[in-house]
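J.: Mind looking over this structure? Questions follow.
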Amino acid sequence: MSEDVKKLIIDYVKKEYLDEDSDQTIDENTKLISGGIVDSFSMVSLKMFLEKKFKISIPDEKATPEAFDSVNSIMKLIQEFVKP
Amino acid sequence: MAYSETAKTHYTNELKGIRSGGLFKEERFIESPQAARIKVEYPLGAAPKEVINLCANNYLGLSSHPDVLEAARKGLETRGYGMSSVRFICGTQDIHHELENKLTEFLGTEDTILFPSCMEANAAIFEVLLDKDDAMIADRLVHASIVDGMRLSKAQLYNYKHSNMEHLEEKLQETQGCRFRMIITDGVFSMDGDIAKLDVICDLAEKYNAMVMLDDSHASGFMGKRGKGTHEHCGVMGRIDAITTTLGKALGGAAGGCLSGRKELVELCRQRARPYLFSNTVPPVVVAASIRVIDLIEKSTDRRDKLEENTMFFREQMTKAGFDIREGVHPIVPVMLYNAKLAQDVARDLYAEGIYVVGFFFPVVPQGQARIRTQVSADHEREHLEKAVAAFTKVGKKYNILGKKKDEIIAMYGV
Amino acid sequence: MAVHERVKEFFRNELVELQNADLFKEERYVCSPQAADIVVEYPPNAPPRRVINFCANNYLGLSTHPAVIEAAKKGLEERGFGMSSVRFICGTQDIHKELERKVSGFLGMDDTILYSSCFDANGGVFEALLGEEDALISDELNHASIIDGIRLCKAERHRYKHGDLHDLEHHLKQTQDKRFRMIVTDGAFSMDGVVAKLDEICWLAEEYDAILLVDDSHATGFIGKTGRGTHEHFDVMDRVDLITTTFGKALGGASGGCVSGKQFFIDILRQRSRPYLFSNTLSPVVVAATIKAIELLEGSTHLRDKLERNALYFRQHIRDAGFEVKDGFHPIVPIMIHDARIVQEMARSLYDEGIYVIGFFYPVVPRGAARIRVQLSAAHEIEHIDKALAAFTKIGRKLGVVK
């Protein structure tokens, strides 16, 4: 998948979960959930964002903390649902 | 046995994991009523010792107040111990109705219904009032029981960065296409003792056409000049649509909770809320005592005033002593230690000094934000608080954390 | 005002609809303690009148038993009214541990963990023990609190037709590839007064390697020779892994619930169960009273024996009067009327005769299965039951339900 998509997701995560003055860096491997940046309750926003943005529907069983734990794993997940 | 050795092994290993991660919670046994001083047996088998309690939700000291006990006793005699019934079958006594009316008046709403606990009130409300075309917009740090309640609802779930009003506004804008919007927040957040910006929330709610729901469990009885809660404190009484709160903290500490708010919302919950329909009614003994509690705090603000004084005193002294206390006015005073082991060590040493506190660490609070959460009570006298500060200071010196900021403590102890 | 007129309008309409559909529930105010007869004010502001109560879960009459009230008072004096704390912070008194020990002994289990209600217990047990690699197989008519508790758990959900053990077996077979399977059933079902066939369910659980959890809220204290519950009744006391039950019915009726079972299950629940970690501890008053209730039951079976006799007497005679009653022995006696309108008419008329019962109709029970549900209690004397039988016969004849 393109670098654009990666950037899109990283930008969203920064805006949605970090405070303006935060010095936390996010890259495609940063542990989002297990690293305490996004908790399982707040994860909901991320799921909704992805579904809206990519016009997909992620079933609840697939929306696990593991699948959302890094931008890389998120991209793998989206690939399952985005039609080529 | 109906299940295999695999299950047994699995769960035993889980427990080992919790222990080795330093996350195991041990119970301590109290051999007295709840009060400023309690008798504790810890560890199991040790001789009980008297300690000063700084971690109960007994904000107004009513949990063992003689007037409250008297009312409870009378309730037992005249209305019995239990009702063994759900509300609408044969579980509503005249006194239940009386308590609901008293709470309505006290909180400044239109109607109130009792629930067995605030947890059950939170489990009920969203499922009854909201459907799939509606949006629930919750502060990210709302209480666990609210999160569970929202999960039981079909409405769409949104959340905003803790107390971040710009982010809330964005979510309100985002959800204008939904049928109804409900902003959901705690009045006071229990890990930090910080207060929701209810005035801004109510303004935003009006601007963007949303309902406001508030869990005021850590405020009812003592926040606001007359102790009515966070809405009184923030000057927005009459502008909140639904308040859930508990009778299990400041207002007596035994059991019970309620939902209070707009007439139609409350009545609909009376008809449809699952806990209300399927769960036992609040026992007469608790209802009778709670009526007395509301009478006591309406008659005089002595207790909430004393709590306020005690809180200011304790916060000042702890800050002076060099502790990292999150700023605020609430009786929840979190002493920040950041490192989980440090929090546990300090708590243990304080216990040896006769001060009973508990260390909070992951997953109860985020990783790297371990603390000792102290709670001031109207039951505390000046000397209790002075002894506590002295003990904290002594232990603080031992660990060399006095006057140190977050970075310095983390540098010393890691996260 | 933050609530737009539209919202208010919407909810007001919902309420009107309920009223029109005759589904609106009106509260009745009881102006006395809970007992065999109670004083009721209904409708609001009507002069209160005495009626015989047949719709409380006060199976053993302990809700106002003098020894229980005395123990409650003592608990108040010695341990206070409330603890204002969750268990693991400063909410565990010596008496909490004592109650847990007593319940474990009474139910024949390793350990017990207290909750503020069985609703909370059911809300917390599944999520803390099972995950998405596991399967939950539950009777379709289980109590609402079990359904809610299962909804909060990520395990795969299966429902088997009520009491249908072939269907249960089918689901057990289907889930053999999951890590753990848990069968969940009420011990006694409160709409029908029937008990789950625990002996056969235990056999299936063993055969297909499943954990077994029973919600015994309508059985603890009075089902089984010494009132231990459905597992005693079916002689499977050491074959059930977990029992959830309430202290808010037979065991005093105020509040409280618990999960009782194998040691490591209980240990995990203490570390992980959300209601246990975030909900207020049981009031010392309730703990003290419940300890006494259990002591009373351990000391003698005369209360559960009397209840059993009352239930058999009523069931026998109501059948003789011509009413249709589902087979059984449980103190919950469903009198099948089928027609919802007649049920409501009957309940109202019985109330006028001084007999307080509850009518159930759609959607609480399936269409065409409307019924009057009668709950017997050890607090009832034969005179109370005879009065009820007379009233049922009179009204039943008047409405053409019996000849």
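The values are calculated or read from the model by the stated rules, or taken from the named source; none is laboratory data. None of the values given here were measured: they were computed from a predicted structure. Note that we place each Cβ from the backbone using ideal geometry, even for glycine, and neighbour counts take in every protein chain shown.
J.: Could you tell me whether region B:338-354 includes any residue that is in contact with a Phe, Trp or Tyr (Cβ under 6 Å, 6 or more places away or on another chain), outside the structural domain of B:GLY193 (by TED's automatic domain parsing) and not in a helix (DSSP H, G or I)?
T.: yes
J.: What's the number of the condition B:LYS49 fails, among (1) crowded, with 21+ Cβ neighbours inside 10 Å; (2) basic (Lys, Arg); (3) more than 11 Å from chain C (Cβ to nearest Cβ)?
T.: It fails just one condition, (1).
J.: Name every residue in region B:324-357 that is in contact (Cβ under 8 Å) with a residue 12 or more places away in the chain, farther than 24 Å from B:LYS197 by Cα and either of a type in the set (Gly, Ala, Ser) or in contact with a Leu (Cβ under 7 Å, 6 or more places away or on another chain) (or both), in order of residue number.
T.: Passing the criteria: B:ALA340, B:ALA343, B:VAL346, B:ALA347, B:GLY354, B:ILE355, B:TYR356, B:VAL357.
Condition check ((1) in contact with a helix residue (DSSP H, G or I) (Cβ under 7 Å, 6 or more places away or on another chain); (2) under 30 Å from B:PHE189 (Cβ atoms)) across all residues:
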residue	(1), (2)
C:SER255	yes, yes
C:SER260	yes, no
C:ARG270	yes, yes
C:ASN280	no, yes
C:VAL286	no, yes
C:GLU298	yes, no
C:ASP305	no, no
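J.: Follow-up question, since we're still on this one. Report, by residue number, each residue of region C:257-269 that is more than 7 Å from chain B (Cβ to nearest Cβ) and not hydroxyl-bearing (Ser, Thr, Tyr).
T.: C:GLY257, C:CYS258, C:VAL259, C:GLY261, C:LYS262, C:GLN263, C:ILE266, C:LEU269
J.: Out of the residues in region B:85-101 meeting the condition of being hydrophobic (A, V, I, L, M, F, W, C) and closer than 22 Å to C:GLY359 by Cβ, tell me which one is surrounded by the fewest Cβ atoms within 10 Å (Cβ to Cβ).
T.: Per the stated criteria, the residue is B:PHE88.
J.: Keeping to region A:1-35, report how many residues are within 14 Å of another protein chain (Cβ to nearest Cβ) and either among the hydroxyl-bearing types (Ser, Thr, Tyr) or surrounded by fewer than 15 Cβ atoms within 10 Å (Cβ to Cβ) (or both).
T.: 12
J.: Another one. Of the residues that make up region A:44-53, is at least one within 19 Å of B:VAL147 (Cα to Cα), of a type in the set (Phe, Trp, Tyr) and at pLDDT 85 or above?
T.: No, because not a single residue in region A:44-53 is within 19 Å of B:VAL147 (Cα to Cα), of a type in the set (Phe, Trp, Tyr) and at pLDDT 85 or above.
J.: Name, by its number, the condition in (1) surrounded by fewer than 20 Cβ atoms within 10 Å (Cβ to Cβ); (2) more than 30 Å from B:LYS16 (Cβ to Cβ); (3) within 8 Å of chain B (Cβ to nearest Cβ) that does not hold for C:VAL286.
T.: Evaluating C:VAL286 over (1) surrounded by fewer than 20 Cβ atoms within 10 Å (Cβ to Cβ); (2) more than 30 Å from B:LYS16 (Cβ to Cβ); (3) within 8 Å of chain B (Cβ to nearest Cβ) leaves (1) as the failure.
J.: Looking at (1) under 21 Å from C:GLY253 (Cα atoms); (2) modelled with pLDDT under 95; (3) aliphatic (A, V, I, L, M), can you tell me which one C:ILE52 breaks?
T.: For C:ILE52, the failing item is (2).
J.: Next up: Is it the case, given these coordinates, that B:VAL212 is surrounded by 22 or more Cβ atoms within 10 Å (Cβ to Cβ), of a type in the set (Val, Ile, Thr) and closer than 15 Å to B:SER260 by Cβ?
T.: yes
J.: Say whether the condition of being surrounded by fewer than 21 Cβ atoms within 10 Å (Cβ to Cβ) and more than 27 Å from C:ILE147 (Cα to Cα) is met by at least one residue in region B:273-289.
T.: No, there is no match, as no residue in region B:273-289 is surrounded by fewer than 21 Cβ atoms within 10 Å (Cβ to Cβ) and more than 27 Å from C:ILE147 (Cα to Cα).
J.: Would you pick out the residues in region C:289-309 that are more than 18 Å from B:TYR81 (Cβ to Cβ), more than 14 Å from chain B (Cβ to nearest Cβ) and touching a Leu at 6+ places or on another chain (Cβ under 8 Å)?
T.: If the condition is that a residue be more than 18 Å from B:TYR81 (Cβ to Cβ), more than 14 Å from chain B (Cβ to nearest Cβ) and touching a Leu at 6+ places or on another chain (Cβ under 8 Å), then C:ARG304 is the only one that fits.
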